[in-house]
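Before any comments, here is the structure.
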Amino acid sequence: MATPRTVAIDGPAGAGKSTIGALVAERLGYTFLDTGAMYRAVALAALRRGIDPDDGPRLTELARQLRIAIGPPTVRDGRAYTVLLDGADVTWDIRSPEVDRIVSQAARVPFVRDVMVEQQRAIADRGRIVMVGRDIGTVVLPNAERKVFLTASAAERARRREEELAARGEKRTRQDLLAEILRRDELDSKRTVAPLRAADDAIVVETDGLSVREALDRVLQVIERRPIPS
Ligand code: CDP
């Protein structure tokens with residue numbers, strides 16, 4: 001197979017980007033970067049400092065100061081990677097419902113995005129990478145050799161999120177998760193800077209009714225440019 005250097009995977013909340021992206025990276029032996037974790041780290045830092053998620057100037061200042069590092073797992077507790085915020089392990093803290101609630105507000109601040117995108121491009125410059133997010137194929141790496149837009153219905157995404165949380169011993173109702181997913185979809189797709197959308201040259205992979213294995217196989221088909229069976 002012709003091996004691409006960069007693989008961009010975008011899609012809405014709960015479409016399986018993190019799970020599938022990590023598996024693709026493992027399969028190819030590439031670095032994996034989940035850019036959502038970076039926006040989540042900014043949101044967590046804002047919460048801890050009492051910064052309003054709509055206060056663009058203070059968030060921009062914060063994003064500039066923070067040291068966010070994402071690397072291989074340092075603890076074997078089911079994590080796909082470790083996230084350090086100013087040196088402290090925040091891998092699970094960035095998954096809290098409080099962060100879920102404000103992350104899309106923080107992520108729509110243009111200068112916060114500039115700071116994150118610069119770091120994301122620097123990481124991509126170091127070598128072969130699978131990068132997942134909302135704007136990777138459109139803004140961060142518009143020249144990525146493979147672009148996948150992973151999606152599923154909102155109901156399916158809420159069901160998956162409920163399962164994922166239950167596996168970690170956390171309970172939230174499906175209804176609550178669906179409402180939050182729809183709210184984040186709306187904020188992410190309607191913002192003026194880098195809205196969530198499939199790049200014109202992305203291949204859309206619908207994952208409703210597919211197992212992780214099946215979705216992974218579809219994505220690998222796109223990456224390896226194998227014909228996709230109808
Ligand atoms: O895991 P989940 O799909 O719920 O979300 P995530 O990928 O961790 O991203 C959290 C939030 O960060 C998204 O809802 C977006 O508001 C923002 N985000 C973004 O704006 N651009 C990215 N490249 C990645 C995430």
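The values are calculated or read from the model by the stated rules, or taken from the named source; none is laboratory data. Bear in mind the structure is a predicted one, so any value in this text is a computation, not a measurement. Cβ sites come from the backbone with ideal geometry, for glycine too, and all protein chains shown count toward neighbours. The accessibility values were calculated without ligands, DNA or RNA, using every heavy atom of the protein model including side chains. Shrake-Rupley method; radii C 1.70, N 1.55, O 1.52, S 1.80 Å.
Considering only beta bridges that DSSP places wholly inside the chain, some 25 percent are antiparallel.
For the chain, the Cα gyration tensor yields ellipsoid semi-axes of 26, 21, 18 Å (square root of five times each eigenvalue, largest first, whole Å). Working from label points 7 Å from Cα in the Cα-to-Cβ sense, the residue 165 to residue 84 distance is 3.1 nm. So what does the Cα-only Debye profile of the range 13-53 read at q = 0.18, 0.19, 0.26 Å⁻¹, as log10 I(q)/I(0), no solvent term? Each listed q corresponds, in turn, to -0.61, -0.64, -0.84. Take residue 30: with every protein chain present and a 1.4 Å probe, its accessible area is about 30 Å².
Taking all protein chains together and a 1.4 Å probe, the residues 95, 67 rank 67, 95 from largest to smallest accessible area. Between 0 and 90 degrees, the angle of helix 212-223 with respect to the longest Cα principal axis of the chain falls at about 70 degrees. Cross-link partners for residue 147 among the lysines, with Cα-Cα distance under 17 Å and sequence neighbours closer than 8 places in the same chain left out: 17. In angstrom, the C-alpha Rg and Dmax of the range 5-81 are 14.8, 41.
Taking the 1.4 Å solvent-accessible surface of the chain as the whole, the part contributed by carbon and sulfur is 51%. Among 81, 158, 137, flag the residue with its Cα farthest along the positive direction of the charge dipole of the range 6-223, charges on Cβ as +1 for Lys/Arg and -1 for Asp/Glu. Of the options given, the answer is 81. Hey, what angle do you get for helix 97-106 against the long axis of the chain, alpha-carbon based, 0 to 90 degrees rounded to 10? Rounded to the nearest ten degrees, it is 90.
Contact order for the chain, expressed relative to its length and based on alpha carbon pairs under 8 Å spaced 6+ residues apart, stands at 32 percent.
Seen against the Cα atoms of the chain and their longest principal axis, helix 35-49 is set at about 10 degrees. Qualifying trypsin sites (Lys or Arg not before Pro) in the range 135-185, where qualification requires a DSSP coil assignment and no more than 14 other C-beta atoms within 10 Å, comprise 168, 171.
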